[in-house]
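Laboratory data are not the source of any read-out in this text; all were calculated from the coordinates shown. Owing to the predicted nature of the structure, the values given are computational and were not obtained by experimental measurement. Counting neighbours? That spans all protein chains shown, and the Cβs are built from the backbone with ideal geometry, glycine included.
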Amino acid sequence: MSTSPEPSSSPALDRVRRTASEVFGRDVLRPGQAAASTSLLEGHDVLLVAPTGAGKSLTYQVPGLLLDGPCVVVSPLIALQQDQVGGLIEHGARAARLSSAETEAQREQVLASLEAGELDFVFLAPEQLAVDEVRRRIAAARPGLVAVDEAHCVSTWGSDFRPDYARLGELIDELGQRPARPRVVAMTATAAPPVREDITARLHLREPRTVVTDFARENLSFRVVPVADGAGQQRAVLEAAAAPGCGIVYCRTRPATEEYADLLGAEGRRVAAYHAGLPQRRRAETLEAFLAGELDVVVATSAFGMGIDKPDVRWVVHAQAPESPDTYYQEAGRAGRDGQEAVATLVHRPEDHALGRFFAPSVPGRGEVRRVLALAPGVEMAAAQEETGLGRRKIQRIRNLAHLAEESGRGTGADAVLELAEAQRSLERSRVEMMRAYAEGRRCREELLLAYLGASLDERCGRCDTCEDGRAEEGRAEEGAPAEATYVLQERVVHAEFGAGVVSDVETDRVTVLFDDVGYRTLSLEVVEREDLLDTVG
């Protein structure tokens, strides 16, 4: 898998620039847009890794108009799909959405228009693409491009893995084999290197080029506010949310969003809560009001996030630590997308990490797994529920685990399913510990977050709280001068107990490895070298 540099000149680049300017009014392309778009026109599949607000949509919109056949956009959120459809129509493109929100007659009209060559773009969720009739009719339209948004959802390594994404590679293959197979662009704002590799494999990307833009945010300052108890936590959140301008407060639970919305409202802020338990219409109204500047603050769970296009968010506050550093970086990155100064604050209470461990996926019982595996192929969900005595979500989870276990070569029986479930739980719990290390460490905040994402800073950011108060510098001084690098970022290694993994971060006295079966582990370099615990591979 090659990494594509920014092109300097080519016929494909000329076409990209002309279309971006004439159709979308973009005379200057952002980093990554030219490389990704021209790679698609030159016949490659593309994995684009770029931070929130980097303009990933243009990398399928421009090639979608230039390649023969319609562009199929797979996106997880119906509301985001409609926003994208509206934006394309405003620029003169022919676009439509195919979702559960439409009536049967409306869906039929969309498919008929697609088959008749009357659409440039069709948006749908992965579960729609899984419908045989829908997929057959899309294939008949001979699409030239498939764009997969939030592509990290396809990866079991990703913190937002979604079962509906698990079969996307197979489904896309069924849209046509080369030369008829459409090109694929997978887009994500949060993908550590092992996730990138997993996305490439699971989406069956062919002759892929990986385009990774700079994740450093020179206008965004990271802060951590330690608190001892719930009362201190509440005070810290309210103080951080009193900052000028509009902002977002993220909470881990729905009741917490309602509580903080009430408290901020009592202080005179124009505020609303947002979570998946609210009616769809109310959520849509809240989003619309926030984007229009009619709300100062939205207090939300992680349900408020994907596709939020508001450049003037001045601050983001996390009332509790999220489940992983990549989730945190993505949510915090919704501040300051206009390039102006912004602040991301994490209110840190050590007990809150127990909440993260609670949210980690459970391991199903062996008997439950055996009952699901014993079901006849193709049995309907209602019959499966009656036969197994299990709920829909548990059955679907076990089925997905079985599919992934077989695909990864672990096997097809109950042992393989349970082994994979345990590995997933270990990975999620290790991510919680990485968030603890971020919150409690003295290292430059941005340096640590970028290391988790497989990137690096040439020097400390100089803006975060640990840089400003000197803790980052003091920590380095106490560690002493850096030793000669023993391990290299993204190097494959093997540990006698933890198995195979990838080096994700190297410090003066420790190395952090993402192991295939147990997740992240931070190891003392002194112990590793003394006991000869890590062997490099290849």
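Couple of notes before you dig in:
- Distance distribution P(r), segment 216-289, all Cα-Cα pairs, bin width 10 angstrom from 0: 15, 46, 31, 8 percent.
- The length gained by stretching the chain between Arg392 and Glu497 to full extension, at 0.36 nm per residue less their Cα-Cα distance, is 34.2 nm.
- If you look at the Cα atoms of segment 480-536, you get an Rg and a Dmax of 10.4, 33 Å.
- Relative packing of 283-293, 32-42, 113-123, which averages over residues the other C-beta atoms within 10 Å, highest first: 32-42, 113-123, 283-293
- Separation between Cα centres of segment 205-247 and segment 33-65, rounded to whole Å: 26
- Gain upon complete extension [Asp312, Glu433; 0.36 nm per residue less C-alpha separation]: 40.4 nm
- For segment 270-325, the relative contact order is 39 percent, taking Cα pairs closer than 8 Å that sit 6 or more residues apart in sequence and dividing their mean separation by the residue count.
- Label point distance in nm, Glu406-Glu174, each placed 7 Å from Cα along Cα→Cβ: 1.4
- Cβ-Cβ FRET estimate between Ala292 and Gln82, R0 fixed at 22 Å, reported to 0.05: 0.85
- Shape call, the chain: gyration tensor on alpha carbons, a/c limit 1.5: rounded
- Net dipole in debye of the chain [+1 Lys, Arg Cβ; -1 Asp, Glu Cβ; about Cα centre; nearest 20]: 1240
- Assigned charges on the beta-carbon of Lys, Arg, Asp, Glu; segment 28-164 dipole about Cα centre (debye): 220
- Pairwise centroid distance, computed over Cα atoms, of segment 81-126 with segment 493-520, Å: 45
- Net length available on complete extension from Ala116 to Ala101 is 3.1 nm, with 0.36 nm assigned per residue and the Cα-Cα distance removed.
- Computed label-point distance, nm, for sites Asp27 and Glu440 using a 7 Å Cα→Cβ extension: 5.4
- Calculated P(r) of segment 181-228 - Cα pairs past 18 Å, %: 48
- Options Val537, Ala241, Val343, ranked by Cα towards positive dipole end of the chain, top entry (Cβ charges): Ala241
- Less than 5 angstrom separates the built amide H of Val343 from those of Ser221, Trp315, Val316, all sequence-distant by 5 or more or on a different chain.
- Exposure proxy ranking, count of Cβ atoms within 10 Å, fewest first, for Tyr520, Tyr250: Tyr520, Tyr250
- In segment 2-212, taking the dipole from charged Cβ atoms about the Cα centre, the farthest positive-side position among Val122, Gly169, Leu77 is held by Gly169.
- Computed helical MRE - 222 nm, the chain, DSSP H runs ≥ 4 contributing -39500 (n - 2.57), nearest 500: -12500 deg cm²/dmol
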